[in-house]
1. Across the range 71-103, what is the number of residues that are part of a loop (DSSP other than H, G, I, E, B) and among the hydrophobic types (A, V, I, L, M, F, W, C)?
2. Given (1) within 16 Å of ligand 1 (Cβ to nearest atom); (2) open to solvent by 10 Å² or more (accessible area, probe 1.4 Å); (3) under 23 Å from SER294 (Cα atoms); (4) not β-branched (Val, Ile, Thr), identify the lone condition not met by PRO198.
3. Every residue in the range 113-143 that is open to solvent by 40 Å² or more (accessible area, probe 1.4 Å) and not hydroxyl-bearing (Ser, Thr, Tyr), please.
4. In the range 78-103, which residues are open to solvent by less than 30 Å² (accessible area, probe 1.4 Å) and under 16 Å from VAL47 (Cβ atoms)?
5. Among the residues in the range 219-242, are any touching a His at 6+ places or on another chain (Cβ under 7 Å), surrounded by fewer than 16 Cβ atoms within 10 Å (Cβ to Cβ) and either under 23 Å from VAL17 (Cα atoms) or touching a residue at least 40 places away in the same chain (Cβ under 8 Å) (or both)?
6. When only residues in the range 1-35 that are of a type in the set (A, V, I, L, M, F, W, C) and more than 19 Å from ALA250 (Cβ to Cβ) count, which is most open to solvent (accessible area, probe 1.4 Å)?
7. Tally up the residues in the range 247-261 that are in a loop (DSSP other than H, G, I, E, B) and either buried (at least 24 other Cβ atoms within 10 Å of the Cβ) or within 16 Å of ligand 2 (Cβ to nearest atom) (or both), please.
8. With the structure loaded, tell me whether HIS296 is within 16 Å of ligand 1 (Cβ to nearest atom) and out of contact with any Pro (no Cβ under 7 Å at 6 or more places or on another chain) or whether it fails that test.
Amino acid sequence: MANKITITQPDDWHLHVRTGNILKAVLPHTARQFARAIIMPNLTPPVSTVDRALRYRAEIIQAIPENTPFTPLMTLYLTDATSREEIEKAAQSEHLYACKLYPAGATTNSDAGVSHVSRIYPVLEAMQQHDLPLLVHGEATDSEYDIFDREKIFIEQTLDAIVKRFPALRIVVEHVTTQEAVQFVQTADANIAATITPQHLLFNRNALLAGGIRPHHYCLPILKREKHRQALVDAAVSGSSKFFLGTDSAPHLQQRKESACGCAGCYSAHAALELYCEVFDRADAMDRLEGFASFHGADFYRLPRNRSTITLVKNTWKVPSDYPVDADKLIPLKAGETLAWRILEQW
Ligand code: DOR
Ligand code: ZN
């Protein structure tokens, strides 16, 4: 396998950048490698109107380093109160690309999410009509459900019903973590796709719990058993256009992660593409990286593929132990560890 690879510049189809000082700290990491990113709307208060999304977009644009071409693709946070009119407004905006369904209580800042999917049927109808994609955090929220089963239960109880009721709606099942989710997407029609994160490709649940609790590996959906990780790797390297790159890079300050009740989220933007390289290289599938990272997502969103390129070389480097944010820190995925691939040049 070659030690150098040049691919079309990739995009990140699932990204959290927050606001303020965290935004300023993390955005350069993403803009260094990705041309575009789908920006998650789970701020407090949530980005649940087009006006708010446009204001958030303006803040993100301010944080892009000079001479770095990067385009944020904005999304709308669905609530029980989202109106059809707001969907129409979103569909007409050149800056909104999708709407995100967080089941209420499923994850970080999801309290304002949807209490029951039937509440938003008129909204999903409007999205289908306007061909606005639905991005789904696919986990059932009832507290009696085992946390390792929540994705599977959501698919059976909710996602299947959405797909049957709105057969033309384009849906991205975000950050899939199980064999069942992979199979659901594989066997569904072409309008159903999925993103896969680096942490779910690299780690199984031992990385969270064996030898001590590792809060920086805690994310939602939670890491699963090895057989599920293997199913995700197989899907990512399969060449299927239904699977594409979405880091779910989710920065939380060190203190909020290393706590008696730590926040969910892995920070991966510092080395996103390099982390995916580890996975594809180990699977002897570097020739499939470009499709996964640079083509499948753009095609699904019906956006032009990027024209610029990025070159990676097999040349080890050590991930910093942390990245400062004012007096606090972000602890990145693989902090202090060595990665095999590094970005050489871009554009
Ligand atoms: O681990 C996660 N972190 N999963 C999510 O769904 C949200 C994200 C965040 O915003 O921190
Ligand atoms: Zn996310």
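The values are calculated or read from the model by the stated rules, or taken from the named source; none is laboratory data. In this text, all values refer to a predicted model and were calculated from it rather than measured experimentally. FYI the Cβ positions are ideal-geometry reconstructions off the backbone, even for glycines, and counts take in every protein chain you see. Accessible surface areas use protein heavy atoms only, side chains included; no ligands, DNA or RNA. Shrake-Rupley method; radii C 1.70, N 1.55, O 1.52, S 1.80 Å.
1. 2
2. It fails just one condition, (2).
3. Within the range 113-143, HIS116, ARG119, PRO122, GLU125, GLN128, GLN129, HIS130, ASP131, ASP142 qualify.
4. Correct list: LEU78, THR79, THR82, ILE87, ALA90, SER93, LEU96, ALA98, CYS99, LYS100, LEU101, TYR102.
5. yes
6. Across the range 1-35, the extreme among qualifying residues is MET1.
7. Qualifying residue count, the range 247-261: 5.
8. Considered against the rule, which asks whether it is within 16 Å of ligand 1 (Cβ to nearest atom) and out of contact with any Pro (no Cβ under 7 Å at 6 or more places or on another chain), HIS296 comes out as no.
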